[in-house]
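The values are calculated or read from the model by the stated rules, or taken from the named source; none is laboratory data. Bear in mind that the values here come from a model prediction, so they are computed numbers and not experimental data. Reconstructed Cβ throughout: ideal geometry from the backbone, glycine too, with neighbour counts over all protein chains shown. Only protein heavy atoms, including side chains, enter the accessible area calculation; ligands, DNA and RNA are left aside. Shrake-Rupley method; radii C 1.70, N 1.55, O 1.52, S 1.80 Å.
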Amino acid sequence: MPKDGGIGASTKRREDIRFLTGTGQYTDDINLRGQAHVAFLRSDVAHGRIKGIDTQAAAAMPGVVRIFTGADFEGIGGLPCGWQVTDRQGNPMQEPGHPVLAQGKVRHVGDPIAAVVAETREQARDAVEAIEVDIEELPAVVDMKAALAEGAPKVHDDLSSNLCYDWGFVEENKAAVEEAFAKAAHVTTLELVNNRLIANPMEPRVAVGDFAPHSGDSTLYTTSQNPHVIRLLMGAFVLGIPEHKLRVVAPDVGGGFGSKIFHYAEEAFCTFAAKQLKRPVKWTSSRAEAFMSDAHGRDHVTKIELALDAENNFTALRTETHANMGAYLSTFAPSVPTWLHGTLMAGNYKTPLIYVNVKAVFTNTVPVDAYRGAGRPEATYQLERVIDKAARELGVDPIALRRQNFVTEFPYATPVAVEYDTGDYVATMDKLEQIADLAGFEKRLAESKARGKLRGLGVNCYIEACGIAPSNLVGQLGARAGLYESATVRVNATGGLVVMTGSHSHGQGHETSFPQVVADMIGIDANMVEIEHGDTDKAPMGMGTYGSRSLAVGGSAIVRATEKIIAKAKKIAAHIMEASADDIELKDGRFTVAGTDKSLAWGDVTLAAYVPHNYPLEELEPGLEETAFYDPSNFTYPAGAYACEVEVDPETGKVTIESFAAADDFGNIVNPMIVSGQVHGGLAQGIGQALLEGCVYDENGQLLTGSYMDYAMPRAADVPFYSVDHSCQTPCTHNPLGVKGCGEAGAIGSPPAVVNAVVDALQRAGHTGVTHIDMPLSPSRVWSAMQG
Amino acid sequence: MYAFDFERPATIDDALKALGAEDAQALGGGQTLIPTLKSRLASPSKLVSLTAIPELKGISTGDDGTLCIGAATTHAEVAAGAGAYPALAALAGNIGDPAVRNRGTIGGSLANNDPSACYPAAALASGATIVTNSRRIPADEFFDGMFTTALEEGEIIVEVHFPIPQAANYQKFEQPASRFALVGVFVARYPDGVRVAVTGAAEDGVFRWAEAEAALASDFSAGAIAGLDVPGNAMIGDLHGSPEYRAHLVKVMTGRAVKAAG
Ligand SMILES: Cc1cc2nc3c(=O)[nH]c(=O)nc-3n(C[C@H](O)[C@H](O)[C@H](O)COP(=O)(O)OP(=O)(O)OC[C@H]3O[C@@H](n4cnc5c(N)ncnc54)[C@H](O)[C@@H]3O)c2cc1C
């Protein structure tokens, strides 16, 4: 019985019942007594100076409670940035202020200028339209290179330029890298764009601020991936509310993909306004607002060069990237193009010398921050594209070229500061060749040709640093927060358990897989374990969910807390059975004195903990509740190999994905079904980026893709039935579960496979001049490429 | 949305009366109008729903053999019920998604005349007649450029009459985001000639490609248009495709439609 729901079981997701029957409790489902609604007046120009705001007519509109502008936030903190990058000269990045409501200037379309609080949402919106703002429009900077040009308009007048930082990594390697390039037998160069994306979780952002005059406590209900982080950032840096007077609750959250990690102005506004007005204040983003206020993702422009020797060994790698920060620094923005990107440039290969240069640039666009994969997709994409191009230039098989350069011995210290603990890239590639039936490609190619279609095959590898944590390491890298995780395990008298975790679940299935871990350790039914998360008043201070860290870091904290529970329970059992605690064994939910037939059920011992009539009170406190904080010693390094087959319609340029295979090494697996689901979702997002999605601004900073009419999301019909495999398992060596994290892999590994496949299809059809097409590979772009 | 009054009359007369109010507007399936209202891009004083008027609904065959479709007939009903005109049924069955098809109406689509919509191509290629409460308008005189038609203020479409062709087909190349037509071509062959209508491509909205019609009249094969230049109408250029790409697609889609029509 216990094993059925334990580690390794594909238990169905218990949370799906409420999600699929409409009984989930999302932030927008929260409506508090006396609640008012806020609507924001947002800038419709990308860059401008605010010369005046006249709220008089708006204030007289029906239902208006109060109108706030930037002036109401003078002396109050701005939105903080949680990561500091140091530039090539050793100086800190340029860090502009980020007011809750615009002060003096607007810097992107969607920048909030004023906020109307009214009795109803529609009244608030009506009044927003009655506010008169006098804005002197200024020339906007949109293109990153233009933003860095001499004399370019400055996004922030108080900064010396639009350059946030010029980062070199590893700066000490620069000369050696240049030397290696000078000596190279072959150099492959590729310039590419990693397209800007908008996360578009199904649930838009919502915030409800509440204030209790009797206690002076503030509460924020918000769509967040990490409520404790929001409590810390908003409480300490923006509003000056200590943790014990501030509760942040993130209930059911309908997808985040990174965009709900960050602390947003609307959250601070609702909390602030609720306290000012002494009544709850609610904001629900419209989809149109989401397009111009949720942090965007990616947006890198890169030149990458790969040096090879005469035997096709990679000898050096050099990259130059411009990374768009948007108009302000979102919470973790500076870390994405640097530490989450530069440290991954070695990929799965033993390239000895690497130099990465990143210039982060302010533009008059929405802030850009982490989006599923965050930095690692950008690293993987350029590396796996340049390797493919090199193979083509050298006339060698792209898989063979990769295999030849694989890292094969572990642990492996890369030249970009990280140490891979385990992996087996040969095994995942072997597995891929099998599940993708690469041997049968020629036959499928012929079949496509007979149908008038151009078929192509794209293969690539990926590696990612996940389980984003080691606090001392990320501290050295500029993180301004710790990145451990926490868990409290509370055992109730009759044996049921509540696990309070600092991780947050917004689609990952924690409520199912975390109990599997605990149930497995104790040997009880997983249904006896309940997961609580998302409420800072319940769970101990935790860092939340992102960077594929929940099981590796949060799960490990749960293991540690459960170990403490078991140790104490054994002492109680030993006392009752008059044995030594060292002789107590716990198996299948029973405590046994080794070598005897004396035993006690799990429930007997938990009851004794709370009804301590026969209890070692002189040695042990009653009760059974333990907390653990877990901080690992390293990242985890999931890796894998992906293959995509496409067909291109030669007449229209339309690309269809015919098959997609993914062989991943995630270390140990707790729930294979959930892991496959995470990979499926990641692949859909990666295919979306490769073929469909792209956020486009015009030269004046107007968002051209401001709705689903122009921003193309992947749909079921755009993706194939996947072939995924995670049987190659090299367990992580430094966390107790041996797990590596699987949430981002699909999104990281899939875009290069798709693009490699399309380029392959065109090359095979004789379009030999087509060595690269920038994503998204829309029909018009592919057709244009074929026109030469 | 701004506040508005709402009426759901049961007869055409009552509908016209209700539409007489200042800034009143007809509501079909709401699949274009409701999103517009939600974005606060329109502020009618009153919406007059046309979906409860029996005379505006349903599909029948007229005395002259034409297929008559009530203006308030949904896309889904046309997809299921226009078996007499398979190309038209197929077109309706491929508009949007099931939710859109279960609400959106043919009258609303034609009245809206979105330059990327599907129905205008069918109406124009079929030489359909748009019957309103006061007159009969040939399709050739109905479409007046992007989002503009011959309809007068307060005039509503009652029915659309489609002469049934000997052979027809609609080829829609979808814009990747909206899934409207980036280019859509409807080809219909009648005893007295071939009509080719193109949607999605041109800045002036749906148009007939006269050269292709002439070529296909004498030789109804994809090869017949191979040598033609794509019409000179000003093509739309946007982030989904350049004017050249659209022009190219017009030809490809026309060829495919001819081939599929057989
Ligand atoms: C997600 C989505 C996808 C779509 N995809 C497609 C597509 O692929 N192809 C396509 O062609 N369309 C598409 N549409 C548009 C859809 O077909 C609409 O249903 C149609 O354009 C409008 O019809 P309606 O009945 O919904 O009209 P409404 O939205 O109610 O009205 C539209 C306009 O027509 C007027 N009107 C309505 N009925 C009449 C009448 N009988 N007489 C006079 N005026 C009238 C209204 O006053 C209004 O101005 C899509 C819509 C959505 C939301």
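Quick rundown of the values:
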read-out: Matching residues, segment B:193-203, being free of Cβ contacts under 8 Å to residues at least 60 places away in the same chain and within 16 Å of B:Tyr119 (Cα to Cα); value: B:Ala201
read-out: Residue in segment B:99-106 that is open to solvent by 10 Å² or more (accessible area, probe 1.4 Å), assigned by TED's automatic domain parsing to the domain that holds B:Leu33 and within 22 Å of B:Lys251 (Cβ to Cβ) present; value: no
read-out: Enumeration of residues in segment A:477-508 that are modelled with pLDDT of 95 or more, open to solvent by less than 10 Å² (accessible area, probe 1.4 Å) and not in a strand (DSSP E or B); value: A:Gly495
read-out: Any chance A:Cys695 is within 14 Å of chain B (Cβ to nearest Cβ) and open to solvent by less than 30 Å² (accessible area, probe 1.4 Å); value: yes
read-out: Of all residues making up segment A:216-235, the number that are open to solvent by 10 Å² or more (accessible area, probe 1.4 Å) and without any contact (Cβ under 8 Å) to a residue 24 or more places away in the chain; value: 0
read-out: Subset of segment B:228-259 (residues that are over 13 Å from B:Phe173 (Cβ atoms) and touching a Phe, Trp or Tyr at 6+ places or on another chain (Cβ under 7 Å)); value: B:Pro231, B:Asn233, B:Val258
read-out: Selection from segment B:38-60 of residues that are part of a strand (DSSP E or B) and surrounded by 13 or more Cβ atoms within 10 Å (Cβ to Cβ); value: B:Lys46, B:Leu47, B:Val48, B:Ser49, B:Ile59
read-out: Residues of segment A:648-683 satisfying the condition of being open to solvent by less than 10 Å² (accessible area, probe 1.4 Å) and part of a strand (DSSP E or B); value: A:Val648, A:Phe660, A:Ala661, A:Ala662, A:Ala663, A:Asp664, A:Asp665, A:Gly667
read-out: Single residue of segment B:160-203 satisfying the filter (part of a loop (DSSP other than H, G, I, E, B) and in contact with a Phe, Trp or Tyr (Cβ under 9 Å, 6 or more places away or on another chain)) that is nearest to the ligand (Cβ to nearest atom); value: B:Ser178
read-out: Number of positions in segment A:653-686 that are within 14 Å of chain B (Cβ to nearest Cβ) and on the phi > 0 side of the Ramachandran plot; value: 1
read-out: Pairs, first surrounded by fewer than 24 Cβ atoms within 10 Å (Cβ to Cβ) in segment B:181-192, second part of a strand (DSSP E or B), C-beta under 6 Å, six or more apart; value: B:Arg189/B:Ala167
read-out: The one condition in (1) within 10 Å of the ligand (Cβ to nearest atom); (2) touching a His at 6+ places or on another chain (Cβ under 9 Å) that B:Arg136 fails to fulfil; value: (1)
read-out: So A:Thr705, is it facing chain B (nearest Cβ under 8 Å) and either crowded, with 17+ Cβ neighbours inside 10 Å or basic (Lys, Arg) (or both); value: yes
read-out: Some residue of segment B:215-235 being without any contact (Cβ under 8 Å) to a residue 24 or more places away in the chain and within 14 Å of another protein chain (Cβ to nearest Cβ); value: yes
read-out: Candidate set: segment B:158-170, residues that are over 14 Å from the mean Cα position of the chain (by Cα) and under 30 Å from A:Gly653 (Cα atoms); chosen: the one surrounded by the most Cβ atoms within 10 Å (Cβ to Cβ); value: B:Ala168
read-out: Inter-residue pairs, beta-carbon under 7 Å, first at pLDDT below 95 and in segment A:760-788, second in a loop (DSSP other than H, G, I, E, B) and not hydrophobic (A, V, I, L, M, F, W, C), 6+ apart; value: A:Gly788/A:Gly769
read-out: Residue within segment A:154-166 that is buried (at least 18 other Cβ atoms within 10 Å of the Cβ), assigned to a helix (DSSP H, G or I) and either away from every other protein chain (no Cβ under 14 Å) or in contact (Cβ under 8 Å) with a residue 12 or more places away in the chain (or both) present; value: no
read-out: Unique residue being out of contact with any strand residue (DSSP E or B) (no Cβ under 8 Å at 6 or more places or on another chain) and either more than 14 Å from chain A (Cβ to nearest Cβ) or within 11 Å of the ligand (Cβ to nearest atom) (or both) when the list is B:Thr11, B:Thr73, B:Thr51, B:Thr66; value: B:Thr11
read-out: Residue check, A:Gln689 more than 10 Å from every other protein chain (Cβ to nearest Cβ) and open to solvent by 10 Å² or more (accessible area, probe 1.4 Å); value: no
read-out: Count of residues meeting criterion [within 6 Å of the ligand (Cβ to nearest atom) and assigned to a helix (DSSP H, G or I)] in segment B:76-102; value: 1
read-out: Residue, farthest from the other protein chains (Cβ to nearest Cβ), within segment B:103-121, restricted to residues that are part of a loop (DSSP other than H, G, I, E, B) and more than 8 Å from the ligand (Cβ to nearest atom); value: B:Asn113
read-out: Qualifying residue in segment B:129-146 (condition: open to solvent by 40 Å² or more (accessible area, probe 1.4 Å) and closer than 25 Å to A:Tyr708 by Cβ); value: yes
read-out: Those residues of segment B:25-41 which are more than 8 Å from the ligand (Cβ to nearest atom) and within 23 Å of the chain's Cα centre (by Cα), in sequence order; value: B:Leu37, B:Leu41
read-out: Complete set of residues in segment A:76-110 that are out of contact with any Phe, Trp or Tyr (no Cβ under 9 Å at 6 or more places or on another chain) and within 21 Å of A:Leu703 (Cβ to Cβ); value: A:Ala102, A:Lys105, A:Val106
read-out: Options B:Glu155, B:Glu211: the member that is surrounded by fewer than 22 Cβ atoms within 10 Å (Cβ to Cβ), within 16 Å of the ligand (Cβ to nearest atom) and away from every other protein chain (no Cβ under 13 Å); value: B:Glu155
